[in-house]
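Student: Got a structure for you, written out below as structure tokens; questions coming shortly.
The values are calculated or read from the model by the stated rules, or taken from the named source; none is laboratory data. Just so it is clear, the model here is predicted, and its values are computed rather than measured. Here Cβ is always computed from backbone atoms with ideal geometry, including for glycine, and neighbour counts include all displayed protein chains.
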């Protein structure tokens, strides 16, 4: 019974922590996407300055999307493993 309670607390803590981190990453990604322009009209003088800033922003957004996807996969795997262990303990005991 003690193992099941400990596992339940671990499952709850994992869900809360990873859920909060995923939400924070998604919110950060949304703030980056609000700074991105759909179309960028530049004259020759502004092109080098503004285009490099825009490309850095797009690169950061692509990197963040990969991080969010990887983090979501790890979170899903950990929660599935914890739930499977919880069910196994319930069936065993």
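Student: Being under 22 Å from residue 71 (Cα atoms), at pLDDT 80 or above, under 20 Å from the mean Cα position of the chain (by Cα) and surrounded by 11 or more Cβ atoms within 10 Å (Cβ to Cβ): is that true of residue 31 here?
Tutor: No.
Student: If you don't mind, there's one more thing I want to ask. For residue 23, state whether it is modelled with pLDDT of 80 or more and assigned to a helix (DSSP H, G or I).
Tutor: So residue 23 fits the description; yes.
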